[in-house]
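Reviewing the structure listed below.
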Amino acid sequence: MKVCGVEIKANEAIVSLLNFDQGLVDILDCRSTRVSLRDVSSAEQLIQFQKTFKKLMEDYGIGHVVIRSRPMKGKFQGASGGFKIEAALQLIEGLSIELLEPQTIKEQLKKTPLPIDFSDTGLKAFQETAFMTAYACLMSKA
């Protein structure tokens, strides 16, 4: 099963691609570590962002996307542009989209901790949350 983990920060979706096959998790190489939305108030830019993300998923054969959810209220609430990005991703036809709460991710990582240090994965430090989101999703389905 191929999964794309997504963390939404400001005006971009940070991605990490993982494959789970026969009990092994593989990190997939990806030409892009993030997809950006230049102008959150532009409908054209939002449509372009959506097309770019969909093309990326098609190119790597990803059918399931898991997004780390963000609170709508409170001290750590997400920005409005981030919620536009989340909605644009959820509306992509042909992709299964799942939202995972940070607490659910944390609980899953306690049950099945990462067998290596994140620094040994070869991913960029800013991809850690997207990676952990995808990993938690895969382990919950294993």
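The values are calculated or read from the model by the stated rules, or taken from the named source; none is laboratory data. A quick note: this is a predicted structure, and the numbers were derived from the prediction, not measured. FYI the Cβ positions are ideal-geometry reconstructions off the backbone, even for glycines, and counts take in every protein chain you see. Heads up: the accessible areas ignore ligands, DNA and RNA and are worked out on the full protein's heavy atoms, side chains in. Shrake-Rupley method; radii C 1.70, N 1.55, O 1.52, S 1.80 Å.
Taking all protein chains together, 47, 97, 85 sort by accessible area into 47, 97, 85, largest first [probe 1.4 Å].
Debye-formula intensities of the chain, expressed as log10 I(q)/I(0) at q = 0.12, 0.20 Å⁻¹, are -0.45, -1.25 (one equal scatterer per alpha-carbon, no solvent). The amide H of residue 99, built 1.01 Å from its N in the peptide plane, has 67 as neighbours under 5 Å, considering only residues 5 or more places off or on other chains.
Proximity of backbone amide H atoms, modeled 1.01 Å from N, is registered between residue 16 and 5 at under 5 Å, excluding neighbours fewer than 5 places apart on the same chain. Where both residues lie in the chain, what percent of DSSP beta bridges are antiparallel, nearest 5? So the antiparallel bridges in the chain amount to around 60 percent. Heavy-atom accessible area, probed at 1.4 angstrom with all protein chains present, ranks 126, 53 as 126, 53, highest first. Give me the net charge of residue 28's neighbourhood, meaning all other residues with Cβ under 15 Å from the Cβ of residue 28; Lys, Arg count +1, Asp, Glu -1. Result for the neighbourhood of residue 28: -2. Shape class of segment 9-61 from the Cα gyration tensor (axes a ≥ b ≥ c, square roots of the eigenvalues): prolate, since a/c reaches 1.5 or more and a/b is larger than b/c. Partners of residue 141 within straight-line reach, counting aspartates and glutamates whose Cα lies under 17 Å from its Cα and excluding those fewer than 8 residues away in the same chain: 21, 26, 98, 101, 107. Here residue 84 is the anchor, and the lysines within straight C-alpha reach of less than 17 Å, apart from those fewer than 8 places off in the same chain, are 9, 51, 54, 73.
Across segment 91-101, computed HN-Hα scalar couplings (Karplus, 6.51 cos²θ - 1.76 cosθ + 1.60, θ = phi - 60°) run 8, 6, 6, x, 10, 8, 10, 10, 9, 10, 6 Hz from first to last residue, x flagging Gly and Pro.
Its relative contact order, with pairs defined as Cα atoms under 8 Å and 6+ residues apart, puts the chain at 33 percent.
Per-residue Karplus couplings for segment 116-123, computed as 6.51 cos²θ - 1.76 cosθ + 1.60 with θ equal to phi - 60°, are listed in order as 10, 5, 4, 4, 8, 7, x, 7 Hz, Gly and Pro entered as x.
Residues whose amide H falls under 5 Å from that of residue 2, counting only those 5 or more places apart or on a different chain, are 20, 63, with hydrogens built in the peptide plane. For the residues 120, 26, 59, a GNM of the chain with alpha-carbon springs under 10 Å puts the largest fluctuation on 120. Going by accessible surface with a 1.4 Å probe and the largest first, 30, 4 read 30, 4.
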